[in-house]
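Notes follow once the structure below has been shown.
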Amino acid sequence: MTVKEDDAASLGDDAYTWLVTAITTFQLPANAQLSENRLAQEIGVSRTPIREALRRLETEGLVRRGDNNRFTVSLLTTKELNDACDLLILLDTYMFTRASEAMSPDDSRALEELAQDMIDAAEQGDAEAWIQADTSFHEVILRAADNPTVAGIARVTRRRIQRFWNRSLETSTRLTTCSQEHREIAGAVARGERDEVEAAVTDHINHMRSSVETILQVAGSVLGATSR
């Protein structure tokens, strides 16, 4: 690969990362139209890395291409939500179980500490800190499970759901409930009990499913759409 190709790949990755962040934090809301020219100006790159990033996001389901060949930020259908949650239950059950078999004492302590961080963030009503701890919690599991292929699919699948899921975390009650669920998952993983892991993971994802489904039902009035 030449230096120019390296630079082009780096610009494409930068554009992809920027777009993922903008979409998952709702700087670019669901149904927002994505103009390659405006995005290129905003990010400070040419249209080529923007186009490459959008195509990559299309394969991950975060954006859609319309009949006019224009991209928009995806709004999940109920079927897509259920399909993604069903898949995530399978992926997470496998990854959490595999992690429990290989987890070091340091990893176990990290999970417990991150679950406590979530509880603390819930008590303070700090959704941003909660989301950061949640992300770190899952990364500990994915590293311990040591299956990069499945980990990549799990990250993409979770990201499709969590951009809506995070909208349900604005109340301390939901934050507290989720924190307790993560504490239960951490305990099940530490004990290496497959049945406990599967039950805790399934309950957590089904709660996420229910919350996101409610959001999608009112998406037209809650999320809106902007041109970007």
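Here, each number is a calculation from the coordinates, and none is a lab measurement. Just so it is clear, the model here is predicted, and its values are computed rather than measured. Neighbour counts run over all protein chains shown; Cβ positions are idealised from the backbone, glycine included.
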Cβ-based charge dipole, the chain, positive-most Cα from 28, 89, 115: 28
If each DSSP helix of 4+ residues adds -39,500 (n - 2.57) and the sum is divided by the residues in the chain, what number results at 222 nm, nearest 500 deg cm²/dmol? -25500 deg cm²/dmol
Helix 78-102 versus the longest principal axis of the chain: what is the Cα-based angle in degrees, 0 to 90, to the nearest 10? 50
Normalised contact order of the chain, rounded percent, pairs of Cα under 8 Å and 6 or more residues apart: 28
With charges only on Cβ, +1 for K and R and -1 for D and E, what is the dipole size of the chain about its Cα centre, in debye, rounded to 20? 1160
Spelling out what I want: for every residue of the stretch 191-200, take phi, set θ = phi - 60°, compute 6.51 cos²θ - 1.76 cosθ + 1.60 (Karplus), and round to whole Hz; glycine and proline get x. 7, x, 8, 4, 4, 5, 4, 4, 5, 5
Which cross-chain or sequence-distant (5 or more) residues have an amide H under 5 Å from the amide H of residue 35, H modelled 1.01 Å from N in plane? 228
Grab the beta carbon distance between residue 207 and residue 116, set R0 = 25 Å, and tell me the FRET efficiency rounded to 0.05. 0.80
Taking r as the C-beta separation of residue 70 and residue 180 and R0 as 41 Å, the FRET efficiency to the nearest 0.05 is 0.40
Label-point separation (nm) for residue 33 and residue 195, each offset 7 Å from Cα along Cα-to-Cβ? 5.6
For an R0 of 35 angstrom, estimate the FRET efficiency from the Cβ-Cβ distance between residue 123 and residue 48 and round to the nearest 0.05. 0.15
Under the Kirkwood approximation for Rh and a Cα-based Rg, what ratio Rg/Rh is obtained for the stretch 123-220? 0.96
For the Cα atoms of the chain, what angle does the longest principal axis make with the long axis of helix 3-24, in degrees from 0 to 90, nearest 10? 60
With Cα atoms, 0 to 90° folded angle of helix 105-124 axis to the chain main axis: 70
HN-Hα J couplings of the stretch 138-145 from phi, Karplus 6.51/-1.76/1.60, θ = phi - 60°, integer Hz, Gly and Pro as x? 5, 5, 4, 5, 5, 5, 5, 5
If each part is reduced to its alpha-carbon centroid, the stretch 106-126 and the stretch 134-161 end up apart, in Å, by 18
Modelled label reach - residue 147, point 7 Å along Cα→Cβ, the stretch 78-93 residues with backbone N closer than 12 Å: 90-93
